[in-house]
Amino acid sequence: MISVESLHVEFGIKPLFSDASFVVNDRDRIALVGKNGAGKSTLLKILCGMQKPTSGVVSVPNDTTIGYLPQVMVLQDDTTVRQEAQKAFADVARLKERVDKLNQELAERTDYESESYLALVEKFTQEHERYMMMGADNCEAEIERTLTGLGFQRTDFERPTSEFSGGWRMRIELAKILLQKPDVLLLDEPTNHLDIESIQWLEQWLAQSAKAVVLVSHDRAFINNVTNRTLEISCGQIVDYKVKYDEYVVLRKERREQQQRAYENQQKEIQEMRQFIERFRYQATKAVQVQQKIKQLEKIVPIEVDEVDNSALRLKFPPCLRSGDYPIICEDVRKAYGAHVVFDHVNLTIKRGEKVAFVGKNGEGKSTLVKCIMGEIPFDGHLKIGHNIQIGYFAQNQAQLLDGELSVFQTIDNVAKGDIRLRINDILGAFMFGGEASDKKVKVLSGGERSRLAMIRLLLEPVNLLILDEPTNHLDMPSKDVLKEAIKAFDGTAIIVSHDREFLDGLVSKVYEFGGGKVREHLGGVYDWLRSHSEAEASDGDNGLNGAIKPTKLIKPIETKSPKTDYAAHKEQQKRLRKAEKAVEESERKISDMERRLKELDNLLMDPEKASDMTLVTEYTTTKQALDKEVERWEQLSEELEDITQY
């Protein structure tokens with residue numbers, strides 16, 4: 001689909017990357033990885049034609065369509081959500097106008113035997129066939145499915161886009177790109193403005209409906225669930241790993257060890273040459289050998305080693321006061337803005353030392369409850385903050401409170417105490433402020449950089465209650481690993497608002513789900529909560545891609561059973577397993593048959609004599625619709641089979 005040959009990009013003296021060659025094929029799911037500033041976003045812009053390389057060739061066939069979602073884009077504010085989504089079908093609308101115009105012309109003419117009339121009939125047939133094959137009749141249904149999957153309520157469809165925040169408007173732009181169904185999707189941090197449920201929906205969509213995908217993301221779970229290939233930009237080169245991200249991490253570690261050994265051997269060889277030259281430089285009998293060594297030294301191409309992985313850095317919070325047994329107690333807490341009730345009857349108790357997650361769709365009240373705890377907004381009910389509580393609060397606006405005249409290093413040096421001051425450079429490096437970046441003034445930093453700096457500053461303050469609102473939005477994976485390990489080792493209590501499943505996994509022991517004006521408590525980790533979602537979907541008959549995930553149900557405790565009961569349960573389990581396997585196999589057979597028939601119909605319709613056969617066109621359309629439904633059914637059956645297997 002896209003072929004890249006000998007790509008070379010320069011910004012300043014050092015090239016961003018050079019002599020890069022690779023191909024994006026149909027059904028590829030590519031993760032583009034590399035440290036911040038390596039050139040990931042630049043490469044996406046080059047692939048979509050928005051930016052030109054210094055040299056090299058990017059070949060895209062004329063009939064290949066590309067959809068590109070940047071991190072930041074100019075958004076329209078003069079339409080409703082539905083009208084903006086309908087722009088994705090602009091080609092379909094134009095084609096419908098042509099079909100209607102041709103149909104009108106056919107109705108008005110009476111020269112049925114003339115060559116021009118027959119030519120008009122043929123043209124109408126071809127255009128109408130194209131219109132039907134583009135799935136025009138399903139446009140509105142596709143729009144509703146996609147918007148709902150990305151978290152919009154049906155009541156939002158007729159609201160002006162200007163009423164939504166930047167994050168929600170980015171969802172609209174993502175919906176438009178998905179609805180266009182381009183041959184190649186280029187996605188730059190698509191999960192930044194999505195909640196967990198919308199991310200899961202997007203994963204399913206990309207797995208089932210996308211043709212080829214190249215994406216940049218710092219969400220490890222999302223990358224692992226979507227991609228099957230990894231392109232790494234490192235040391236000015238692009239290295240192609242034909243594996244998903246987790247496997248790439250292992251291979252990359254092995255590759256770096258090989259690089260390190262080769263680098264050390266080369267340095268030893270260079271040192272020996274220099275010693276020989278220095279030793280025999282002025283001896284006439286060794287003049288020829290010295291010149292040979294000098295020439296050899298000049299020809300050596302230095303081996304570069306990938307940037308050092310700082311994820312092994314251990315960062316520990318400073319000692320803090322022991323808090324009371326219950327840092328947070330909420331009793332019938334309620335918050336409403338006029339007639340809109342954000343949440344009601346919130347009753348929760350967080351014990352000392354617990355790490356809990358606030359999850360749920362955006363706008364359901366997670367940050368609102370945090371603001372209630374912080375005393376930033378009024379509320380109804382009782383909310384008690386425990387004895388000796390020292391709160392460390394991280395929110396997006398924390399970055400605005402930093403002193404713009406201080407350097408990055410000074411900002412951290414001012415709060416660091418004791419031995420930690422000796423490791424400030426290591427800490428800054430782990431959060432992408434290594435080298436000269438530590439000398440930058442805070443006032444010249446981007447919003448994301450300021451957020452990272454505010455996070456480091458918080459990590460060095462003596463607190464016993466951490467409240468982190470979307471702490472991972474501007475962190476790369478190694479930085480997230482450092483933060484996660486620091487929180488795990490933290491002796492105090494932590495409340496984490498996040499949509500990053502991998503970050504929350506193994507970190508929290510309790511999940512509070514926000515939705516429908518209620519806050520529900522779930523014991524266990526984030527994946528326990530997600531499994532309860534799957535069970536709720538299965539029992540409620542949810543259709544996967546047809547809508548957002550339904551509210552979860554609590555998992556019942558496991559009951560102790562006798563050996564006889566265990567045997568009966570095992571037998572029933574095996575029966576369910578065989579039934580589920582048979583259903584999946586039957587669904588796969590149907591999908592295979594329909595795909596084979598669609599291929600046959602494609603070949604038939606390519607024949608000019610049969611292109612106007614409306615029976616074939618109708619069969620093609622109905623078969624395609626049936627295939628889409630069967631794929632959705634197969635996805636649901638496969639999930640049920642997986643649940644039974646894991647039981």
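The values are calculated or read from the model by the stated rules, or taken from the named source; none is laboratory data. All values reported here derive from a predicted model rather than from experimental measurement. Here the Cβ is made from the backbone with ideal geometry for all residues, glycine too, and neighbour counts use every protein chain on show. Quick note on the areas: whole protein, heavy atoms, side chains included, nothing else; ligands and nucleic acids left out. Shrake-Rupley method; radii C 1.70, N 1.55, O 1.52, S 1.80 Å.
Points to keep in mind about this one:
- Selection over the range 515-541 of residues that are closer than 16 Å to Ile350 by Cα and either at pLDDT below 90 or open to solvent by less than 60 Å² (accessible area, probe 1.4 Å) (or both) gives a count of 4.
- Within the option set Arg261, Arg229, Arg274, Arg256, being among the charged types (D, E, K, R), within 50 Å of the chain's Cα centre (by Cα) and closer than 19 Å to Lys35 by Cβ holds for one residue only, Arg256.
- Residue satisfying condition, being surrounded by 15 or more Cβ atoms within 10 Å (Cβ to Cβ) and either of a type outside the set (S, T, N, Q) or modelled with pLDDT of 85 or more (or both), within set Ile555, Ile495: Ile495
- Put simply, of Glu470, Glu502 the only residue that is open to solvent by 10 Å² or more (accessible area, probe 1.4 Å), within 25 Å of the chain's Cα centre (by Cα), over 27 Å from Phe409 (Cβ atoms) and acidic (Asp, Glu) is Glu502.
- Any hit, the range 56-72, residues being in contact with a Phe, Trp or Tyr (Cβ under 8 Å, 6 or more places away or on another chain), modelled with pLDDT of 85 or more and farther than 26 Å from Arg171 by Cβ: no
- Any hit, the range 163-171, residues being touching a residue at least 40 places away in the same chain (Cβ under 8 Å) and touching a strand residue (DSSP E or B) at 6+ places or on another chain (Cβ under 6 Å): no
- Residues satisfying the stated conditions in the range 429-453, i.e. under 26 Å from the mean Cα position of the chain (by Cα) and modelled with pLDDT of 85 or more: Leu453
- Annotation: Ala85 fulfils all but one of (1) in a loop (DSSP other than H, G, I, E, B); (2) at pLDDT 85 or above; the unmet one is (1).
- The single condition among (1) at pLDDT 80 or above; (2) surrounded by 16 or more Cβ atoms within 10 Å (Cβ to Cβ); (3) assigned to a loop (DSSP other than H, G, I, E, B); (4) of a type outside the set (Phe, Trp, Tyr) that Leu383 does not satisfy is (3).
- Meets criteria (open to solvent by 20 Å² or more (accessible area, probe 1.4 Å), at negative phi and of a type in the set (A, V, I, L, M, F, W, C)) for Val57: yes
- The range 313-337, residues that are under 13 Å from Leu465 (Cβ atoms), touching a helix residue (DSSP H, G or I) at 6+ places or on another chain (Cβ under 8 Å) and either in a loop (DSSP other than H, G, I, E, B) or without any contact (Cβ under 8 Å) to a residue 24 or more places away in the chain (or both): Phe317
- Residue satisfying condition, being under 21 Å from Thr42 (Cα atoms), buried (at least 21 other Cβ atoms within 10 Å of the Cβ) and among the aliphatic types (A, V, I, L, M), within set Val239, Val226, Val213: Val213
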